[in-house]
Amino acid sequence: MIENNIKLLIDRYPNLRDYKYLDNPLMEIVETKSKDLTCRYNGLYIHSKYSPQNEAKKLAKEVQKSNLIILGGFGLGYLAQEISEIHKDAIIIIYEPNMNLFMEALKVRDFSILFNNNRVKVLVGQTPESIKDYLIPRYIKTIKYVPLKNRTRGFEDLFEPVESIIRLYLKRLRINRNTLLKFGKLWVKNQSRNLPLMGYKSNIDSIFGKFSNIPGIIISAGPSMELIIPYLKVLKDRFLLLAVDTALKSLLAEGIEPDFVMSIDSQFWNAKHLEGAKTDKTILIADSSIQPSALREFKERVYFTQSTFPLGKYFEKVRSPFPKIASGGSVSTNIWDFANKLGLSKIFFIGQDLGYPGNITHYKNSYFENNMLLNSNRINSIETQSFNYIYRGYPTKVLSNNGDLILSDKRMGIYIDWFTEKIKLQNSNNSFSLSPNGCKIDGIEYKDIEELLNYPLVIEEKSFLLNKLNKIDKNFFLPQILDSAIQFKHSLEKVITLADKAYNICLVIEENFKKSLQVNQLLKELTIIDQTITSYSHSQTLSFIIEPFINEITESQQGTALEGLKLSENLYKEIVNTGRLHIKYLNQSISTIDRTLKDK
């Protein structure tokens, strides 16, 4: 029996071939009164002492429907088998960190059906981190974790991290959904209007990995930013200076032009950090969905990063790919990944406090602080505004680099978790904090700013590398982008026509339902329309905006046929509205690109 089980496993997981396992004397196989086998491990019965099969069937029925079901522990596999039978649409992960324990089960029970099921994934003898490979936002929207309680008891260090990984993933997914609902249409507008700027030939990744002899400083607009200002005129010749968008104007006001500034936020107010910024040298690294007004001052010194949105991805296919930058939801996470890709020898943070030392929210001369000052009055003082800003984020306390507790909040907690995780995975010690009162992050050691004054000059090498970024033919890919935009527009017009027809069919079906008339033929027409819409590749670019409506249909219980029909009506209406929105902004960009190419 064990030979057949192992063969099936090795066919799917060849790396298990060389594993040398030992008998596990702590696991005792016991026959029950029902003649099923059960097992006792660490003094506890993992399954029922009487009827483990019936117990597993009952537990499996109680598991909520999900895209992904993760089993904590395997035991003798009863629960895994029953869940795979009942939840036929779910991906099922068996997480058993103890290979020897797993092998004991393979000796006594046949798992041919289970191991031949491609929806069942076996993670045995691995760490909790391995689960992340299956957490793909596009496909996994819901997760259910089912621990075998008597297997996990006493081994919390092996199983609790699984729950933490799931919680963090679902938290990020929830934030992404809310962000999508709030900003989806704005992203479409901005990306469409920025298309004429995507034609340049050379990419920023042409200098990736070239800065191994140069250290860098990442400057954010947190309270500790003021600590570095007096030193920057000396340090700018010893370090590559990278600024987040919120810090740029404050640096320019001090006569400091950073080498790079990064912006990823598409909101109108975020553009205010870059609008009117007087700089002749600073290079802007941006997401292609940011406000067009934020790009104007940088002229040809704008480099886009790979888009995470379908519209941006569609147009990036017709040109050399933009570099992918890891995102943790904040510009400070993105710029750190960018700094790593440049290959900087060391990376120092300042102004990234991830908290509110002294109950201060931002650098005193930042746009945030100046805006608070502008809007302050006797009733709404700057202190009141700061208090509201902090307490809206559900404040908590975190340990600072100097050992004190400082205020932070749940928003900052997401970025703290992201940096902690990434630093651990990177397994390097090249990142440091210059903020004594900023949040302490494992793996990011605190350094005094004074130490940086002893670093050697890097003016010539830095200038040589930055000068390599002269763009060759800023309109090189515009003809391809224009052709794609026109094709995209024509395809969307067909999708809109079909969705509008489907919407009207839904209205007729609704009336027929009320009159008890036949609707079978109309439903067949709807099915054909749905198949035609989904066959258009361009339909996928609409999906990220209409996703909330799709989720509403798939997640709803649809108590009556009419309720389900209403949800479908909303979906078709949104496809029409979203398609028209795309075409509106595409038309503007098509005209701009066409004029540019004619004037060339």
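Details
- Estimated distance in nm for a label pair at residue 7 and residue 168, the labels positioned 7 Å out from Cα along Cα-to-Cβ: 4.1 nm
- When the alpha-carbon atoms of the chain are used, the pair Rg, Dmax equals 28.7, 88 angstrom.
- Across all C-alpha atoms in the range 266-314, the radius of gyration and Dmax reach 11.2, 33 Å.
- For the residue pairs 121/317; 236/346; 299/462; 7/121, alpha carbon separations beyond 25 Å are given by 121/317.
- Note on residue 210 and residue 306: the extension gain reaches 32.5 nm, defined as 0.36 nm multiplied by sequence separation minus the Cα-Cα distance.
- Looking at the range 423-513, the accessible area is 54 square angstrom per residue; that uses a 1.4 Å probe and ignores ligands, DNA and RNA.
- Length added when fully stretched, residue 521-residue 296, from 0.36 nm per residue minus Cα-Cα: 75.5 nm
- Accessible area per residue for the range 1-102, computed on protein heavy atoms with a 1.4 Å probe, is 53 Å².
- Rounded to the nearest 0.05, the FRET efficiency derived from the C-beta distance between residue 26 and residue 118 at R0 = 22 Å is 0.10.
- For the chain, size of Cβ-based charge dipole, Lys and Arg +1, Asp and Glu -1, in debye: 1180 debye
- Carbon and sulfur %, accessible surface of the chain computed with the full protein complex present, 1.4 Å: 52 percent
- 353, 89, 237, 404, reordered so the largest accessible area comes first (probe 1.4 Å): 89, 404, 237, 353
- The string of couplings for the range 503-511 from the Karplus curve (6.51, -1.76, 1.60, θ = phi - 60°) is 4, 5, 4, 4, 5, 5, 4, 4, 5 Hz, one whole number per residue in order, with x for Gly and Pro.
- Per-residue ellipticity at 222 nm computed for the chain from its helices equals -15000 deg cm²/dmol, with DSSP H segments shorter than 4 residues left out and the rest contributing -39,500 (n - 2.57).
- Within the chain, antiparallel bridges make up roughly 30 percent of the DSSP beta bridges whose residues both belong there.
- Rounded to whole numbers, the Karplus 3J(HN,Hα) couplings from phi for the range 567-583 are 5, 5, 4, 4, 5, 5, 5, 6, 4, 4, 5, 5, x, 5, 5, 4, 5 Hz, using 6.51 cos²θ - 1.76 cosθ + 1.60 with θ = phi - 60°, and x at Gly and Pro.
- Set of lysines with alpha-carbon distance to residue 494 below 19 Å, sequence-local pairs under 8 removed: 573, 584
- Reachable lysines, given that their alpha-carbon falls under 17 Å from the alpha-carbon of residue 440 and they are not under 8 places away in the same chain: 397, 410, 422, 424
The values are calculated or read from the model by the stated rules, or taken from the named source; none is laboratory data. Keep in mind that what you see is a predicted model, and the values were worked out from it rather than measured. So basically every Cβ, Gly included, is an ideal-geometry build from the backbone, and we count neighbours across all protein chains shown. Remember, those area values only see protein heavy atoms, side chains included, never the ligands or the DNA or RNA. Shrake-Rupley method; radii C 1.70, N 1.55, O 1.52, S 1.80 Å.
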